[in-house]
Amino acid sequence: MCIGSNTNAEQNMKLAVSELIRHFPGIRFSSEQTSEPMGTLRPDWFLNRAAKFESELPYEEVRAITKEIERLAGRTPDEKYQEIIRLDVDILQAGDQRFKEHDWQQPYVQRLLRQLNMRFVGIIPARYASTRFPAKPLAMLGGKPVIQRVYEQVAGVLDDAYVATDDERIEKVVKDFGGKVVMTSVHHKSGTDRCWEAFQKIGGQFDVVVNIQGDEPFIQPSQLEVVRACFLDEQTQIATLVKPFSADSGLAALENVNGVKVVVNKNMNALYFSRSIIPFQRNVERADWLSHHTYYKHIGLYAYRAEVLQQLTALPQSSLELAESLEQLRWLENGYTIKVGLTDTETIGIDTPADLERAEAFLKQQQNR
């Protein structure tokens, strides 16, 4: 199935997704993708998704449901001739029978279908020992352990999700709240290494591993979707997220060495990550830098093709990595590309007890909205 809209596209896409989930529980969707208008005179770009599901209903009944969903979006028969597409829900295949052969051949449809058939597993590395905040995954945030809040943000968005830990206390807590957990070695030097061991133990046919920090309780499903969408590009090896620093963030936020800055190229691939402010603006007063250039803050979320993750764990530490204490520089230094997705959603990572206090205040603010 392929879903498209060029009029009130975001609103109508949400309607289509919610209605399809209601009629076909277990339906899987690709990420959203825009495509330029084809065969129309209107300049409006389309928003598209692909979907796949199983149903015992005959084709005619399924098609009737899709037509009803289009009607709910306000689509009328004559609007198609005006090239106003509020919502288009097309069945491309039912069983072994294919329809709309012309649509099948469109490059954007092929990309959506390839990604739809990819399987994503989320792995949340969680260590008990931490220099700045021991037992951090078990700290309580709004009445729940931090690790539970992270897990609940991830479960259901990807095809599967697991906590990867080296401590039986964390394992017990995850099992108690009904989560999936994998025990891993205490000797890993990075979350990436822990992810690879967990991935091997999990088994299953997963194409992409998403590494979610165990101290990011506010990671949003929309951010996971942005990372998934990076793999619409067949060349993507690794994907991550960045958030623009706003002009009112203040220079202190930009200068904070714990806030990693990222420079990207025109294809939204990372050029470099640094704790320093990059780029340096030679002819602009430092106080005005944020208003003269868009700086990007790194959000610590990674996704790797499974075969690439295996390769990364075999790489020795690099000079740039050691200089900045940033593991991703090892990957760049060895020639890997890192696709960057954009998010405007604010998150609060928890590195210290003071961060937990800020997270508690942030959670209360969110709940009171």
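At-a-glance table
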quantity: Listed residues Gly143, Val121, Val154: farthest to the positive end of the dipole of the range 114-166 (Cβ charges); calculated: Gly143
quantity: For Ser319, net neighbour charge (Lys/Arg +1, Asp/Glu -1) across residues whose Cβ lies under 12 Å away; calculated: -2
quantity: The range 127-254 shape via C-alpha gyration tensor axes, a/c threshold 1.5; calculated: oblate
quantity: Estimated inter-spin distance, Lys144 and Gln105, nm [label 7 Å along Cα→Cβ]; calculated: 4.9
quantity: Net +/- balance of residues flanking Gln235 in space, Cβ distance below 11 Å, scoring K and R +1, D and E -1; calculated: 0
quantity: Extension gain, Arg286 back to Glu54 (0.36 nm per residue minus Cα-Cα distance, nm); calculated: 77.8 nm
quantity: Farthest positive-ward along the chain dipole, Cα basis, beta-carbon charges - from Leu356, Tyr336, Met38; calculated: Leu356
quantity: C-alpha long axis of helix 107-116 to longest principal axis of the chain, angle in °; calculated: 60
quantity: Crossing angle, helix 191-202 versus the chain [Cα axis fit, 0-90 degrees, rounded to tens]; calculated: 50
quantity: Relative contact order [Cα under 8 Å, 6+ residues apart], the range 227-300, whole percent; calculated: 39
quantity: Hull volume in cubic angstrom per residue (convex hull over the Cα atoms of the range 2-116); calculated: 102
quantity: Label-point separation in nm, Met38 to Asp90, each point 7 Å along Cα→Cβ; calculated: 0.8
quantity: Inter-label distance, nm, simple model (7 Å from Cα along the C-beta direction), Ala155/Ala314; calculated: 3.5
quantity: Length released on extending from Leu322 to Glu357, taking residue separation times 0.36 nm less the Cα-Cα span; calculated: 9.5 nm
quantity: Cβ-placed point charges (K, R +1; D, E -1), dipole of the range 120-367 about Cα centre in debye, nearest 20; calculated: 180
quantity: Segment Arg98-Ser246, extension gain: residue separation times 0.36 nm, minus the distance between their alpha carbons; calculated: 48.5 nm
quantity: Listed values (i) 1.01; (ii) 1.19; (iii) 1.08, entry calculated as Cα Rg over 2.2 N^0.38 Å; calculated: (iii)
quantity: The chain, relative contact order [Cα under 8 Å, separation at least 6], %; calculated: 15
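All of the numbers you see were taken from the coordinates with simple rules; none came from a lab. These numbers were taken from a predicted model, which means no experiment stands behind them. Every residue, glycine as well, gets a Cβ built from its backbone with ideal geometry; the counts of neighbours run over all protein chains shown.
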